[in-house]
Every structure is written in C-alpha cells, then in structure tokens.
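Let me begin by presenting the structure, written as structure tokens, before commenting on it.
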Amino acid sequence: MPVDHGNKTLKDYLLEHRVITPTGCWELNKIKKGLYTQFGFKWKRYRAHVASAIVYLDYDIDSGLDVCHHCDNGHCWNPEHLFIGTVSDNMIDALKKGRRRGYRGVR
C-alpha cells in the first residue's frame, strides 16, 4: 500500500529524511541501492540528487542535462554539492579528480 504524503512537498519530504554527514553531504535515511539513493514520492520515483536539483536548482528534467556531484558521493543531495552539466562536463570533472583513466576509442 503506497504511503499518503498528504500536502507535503518534495522539499518537505527531502528535509524530513535528511541526514547530514561529517563531510557536509546530505543523505536520506533510506536504503541505498547502487550508486544513487532512490525513493518514491506521490507516485513518482526519484533519485535523491535529481529531486534536490529540481527543488533547489530549478533543474528541468527534460533538458537533456545531467545532475553532477562536486563531492563524488552519489548518495548526496546537498544542492551546494551539485551542478548541472552535460555528460562531457561530468566526464571532464571525473578526469580532473582522477576518477577516470581517460577516453577509450578504437585502437
């Protein structure tokens, strides 16, 4: 049976379940599966960082852009740790931080 969220907004839900880590990341007190925390709210499924970007950064989910992490914590949804960018922006950010070895192509 789905939970009735009543008149709560997405922002209310996020803040109600927020846990602040020692690094300043905001995480949800929900089960973390995979790289990103996901949750259901009013019949929609969200990744926490995308929901945060919608609420705090005016992110348009249909823009074709990604919600990226400065902190490299996929479970973080602190809007100060997020930025909106292209896939290339995200890959360049990862390369600068040593999280990727470079692009691979046809040898």
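Here, each number is a calculation from the coordinates, and none is a lab measurement. Predicted, not measured: the structure shown is a model, and the values here were computed from it. Here the Cβ is made from the backbone with ideal geometry for all residues, glycine too, and neighbour counts use every protein chain on show.
Taking the Cα centre of the chain as origin, sum charge times position over the Cβ atoms of Lys and Arg (+1) and Asp and Glu (-1), and report the length of that vector in debye to the nearest 20.
Details: 17 positive and 12 negative charges, 135 e Å.
Result for the chain is approximately 640 debye, rounded to the nearest 20.
Counting helices only, and only those DSSP H runs with n ≥ 4, report the 222 nm mean residue ellipticity of the chain as the sum of -39,500 (n - 2.57) divided by its residues, in deg cm²/dmol to the nearest 500. Before the final figure, lay out each step's value.
Details: 3 runs with 26 residues, N = 107.
Here the helix-only value at 222 nm equals -7000 deg cm²/dmol.
Count the lysine pairs in the chain that are 8 or more places apart or on different chains: how many have C-alpha atoms under 27 angstrom apart?
So the count of such lysine pairs works out to 20.
So in the chain, which Cys have no other cysteine's beta-carbon sitting under 4.7 angstrom from theirs?
Those would be 68, 71, since no other cysteine Cβ in the chain comes under 4.7 Å of theirs.
Against the longest alpha carbon principal axis of the chain, how many degrees, from 0 to 90 and to the nearest 10, is the axis of helix 87-96 turned?
The helix 87-96 is inclined about 70 degrees to the chain.
Roughly how many whole Å is it from the C-alpha centroid of segment 61-80 to that of segment 22-44?
Between the Cα centres of segment 61-80 and segment 22-44 lies a distance of 12 Å.
Output the peptides 8-14, 27-33 sorted from most to least packed, where packing is the average of other Cβ atoms within 10 Å over each peptide's residues. Working shown, then result.
Values: 8-14: 15.7, 27-33: 13.0.
Most protected by this proxy first, the peptides run 8-14, 27-33.
Considering the chain as a Gaussian network with a 10 Å cut-off on Cα pairs, which listed residue, 37, 23, 86, attains the greatest mean-square fluctuation?
Comparing 37, 23, 86 in a Gaussian network model of the chain, the most mobile one is 23.
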